[in-house]
Every structure is written in C-alpha cells, then in structure tokens.
1. What Kirkwood Rh does segment 198-316 have if only Cα atoms enter the pairwise 1/r average? Answer in Å.
2. Provide the net charge surrounding Thr152, with neighbours chosen by a C-beta distance below 12 Å and charges set as Lys +1, Arg +1, Asp -1, Glu -1.
3. Taking the alpha-carbon distance from Lys277 and a cut-off under 27 Å, which lysines remain once sequence neighbours fewer than 8 residues away in the same chain are dropped?
4. How much net charge surrounds Gln317 when only the other residues with a Cβ under 9 Å from the Cβ of Gln317 are counted, with Lys and Arg +1 and Asp and Glu -1?
5. How would segment 1-106 be classified by its alpha-carbon gyration tensor: rounded, prolate or oblate, with rounded meaning a/c under 1.5 and the a/b versus b/c comparison settling the rest?
6. Which of Ser233, Ser252, Ser43 moves most in a GNM of the chain, Cα contacts under 10 Å?
7. For the chain, would you read off the P(r) tail past 30 Å as a percentage of all alpha carbon pairs?
8. Which of the three applies to segment 194-243, rounded, prolate or oblate, going by the alpha-carbon gyration tensor with a ≥ b ≥ c and a/c under 1.5 meaning rounded?
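Please treat every number below as a calculation from the coordinates, not as lab data. The shown structure was predicted, so the numbers you read here are calculated from the model rather than taken from an experiment. Using ideal geometry, Cβ is built from the backbone for each residue, glycine included, and neighbour counts are taken over all protein chains shown.
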Amino acid sequence: MSDVLAVTDHRRGELRDVSYETITAGRQLADETDGDLHVAVISGPVDDFAQICNREGVDAVHTVKYGEEFNHDVYTQVITQLYDELAPQYVLTPNSVNGLDYAPAVANALNLPLVTDTVRLETNGDTLIATCEMYGGKVETTSELTGNAVVTIRGAEWPGADGIGDAEIKEFQAEIDEDAIRSSVTAFEEVGNGNVDITEADVLVSVGRGIEEEENLELIEDLADALDATVSSSRPIVDNGWLPKNRQVGQSGKVVTPDIYIAIGISGAVQHVAGMKGSEMIVAINTDPNAPIMDIADYAIHDDLFDVVPALTEEFQ
C-alpha cells in the first residue's frame, strides 16, 4: 500500500486546470498501489481551493495558509514537511512554471529521483514506469524508478478530475522558516500582448502557414471576433513574426485545452498536435484531405480556407 501526494497549482486567485489533471494522475497511481490520494493546497484562498479540489477519488486535502501567491521557498518547505508527515511513495506536481521551479528542490531535499514532463505513468510492483516524449514527440522514453520519486506531469495528458468527493479537509501546520524565504511576489506584469492567455480561452481560432500572407490574418481575426474567440497559431506564424510567441500552440509553445479548437490551414505536425490534442472539440479546415490534423478532427472541412472562413464569419455574425 503506497500513498500519493498531488500538489495543486494556482495563480492570481484561480486554480489552474492542470491541478485537476494532477489529481487524476494521482488517483490512477493510488489505485494501482492500493494507497490513498492526498492533495496539497498551498497559499492563496486555500479554503476555497480545498472545496474545489475535493473531487471524487481524493482521500484527504491538506491546506497551508501562508501568503497569497506561489513562493519557491515556501512550497519547498511545505512539501518536504508534508512528505515527512504523510510518507507518500510518489509526489506529483504539474509540469508548469511553478512546478518546475520547486520540484527539483523538493527532490534534492528529500534525496529522491525526479522525472519531469511525463505523459504516462504506470506501476509494476514497486517500480514506477514514467513515459516522456522527446524530439517533438517523435520518440518516447521510459524511466523505471524503484522506490519513492518526485514526478511532474504534462498538462492535457490526463482528463481533469470531476465529481464531488467526500475527502477530509485538514489544515496542515507547516513550520515555515522565514529566514529561508529569499524571494517574494510583489506584482504581476504582463509582457508584450500578455493580456492574452491562450491557455485560458474557451474557444481558439488557430491559424497555420496555409494563411499564406500576414495581411490575410484579418480573415482569422474577423472570425474570432464573430465567435468571441481568441486567435492562436502554429509555429510558422510566430517564426514569421506575424503573431507574438504567446499565441503559439504546440510543444515549443503552449498546451491548450479549449472547448473548441478551430485549426485553419494547419497541417497537424506532431509538435503542434501535442499542444492541442486535449481540446474538447477540434474543427479542421484544410485543402489537403490527408493532412494529419484531419485525422484527429471531430469535424473536418476539406476546402479552401479563403472560401470557408468568410462564410463562417458571416454566419456567426
């Protein structure tokens, strides 16, 4: 019997979607090891977060009231203390900016192996088999870890946990060494079109090299306006300087999970698909019926985007 500790992720008063995915991954491992799933909620409005994280399959939620935003030193201290208290076999964190900040420090403090950016986890007795992707998703690698470990999971690879749980919610009295806190969050500053966060969008209209010229982006923006959607893109559009980096979807961009993802003039290279395959519904518009994107689309429109997009815009307006 081996327990699992899953750490949630939040920013500016909101839980990140990857928190629910981390809970799902944790429940999977707990089931395979016949253990309990513990969820840690650190900083921010923890009481509210605890209620939201009380999903089906969670055995206990541990809250730590200290500060409002993520802090590397606080998280490292709290998680190592929770580990000492709960003795879980596996510590799971999101493979997010925050998770990648503290996970190595936690692994080092606990003298545990660390595997990052995993896309699949399974156990074989006391061995954890962690699968990762390399070279733009072209190669899968597996690491076999015996004993305890710290693991970060890639967003959009597990479904988000749902259902109302009946977990016990406990306030954990962490002993924070304030002299060891060497940094603090004083403010958030958006950088270059930073007011757009494609990871939070419900509807994304995403454009690829099929748009041909920068001035043709106006067609895409008109459709996005009609749908009250956000514009995103594949890498070639960003490489050309037609859209900023924060609009790029894919392995070298951002992982998105919108309700609707409309891929316009995007072929569907594995690097791009890795960033959007978790979308609830995928609509593809492409002149090539054999484009890889058509294989994963829920709705595939085999036609010229310069005919289809204006017609859709007019319909939705």
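1. Result for segment 198-316 stands at 13.6 Å.
2. -4
3. Leaving aside lysines fewer than 8 places away in the same chain, those within reach of Lys277 are Lys138, Lys245, Lys254.
4. Values: positive: none; negative: Asp222, Asp225, Glu314, Glu315.
Overall, the nearby charge balance is -4.
5. Values: a/c = 1.61, a/b = 1.32, b/c = 1.22.
The shape class here is prolate.
6. Answer for the Gaussian network model of the chain: Ser252.
7. When every Cα pair of the chain is considered, 39 percent fall beyond 30 Å.
8. It comes out oblate by the Cα gyration axes.
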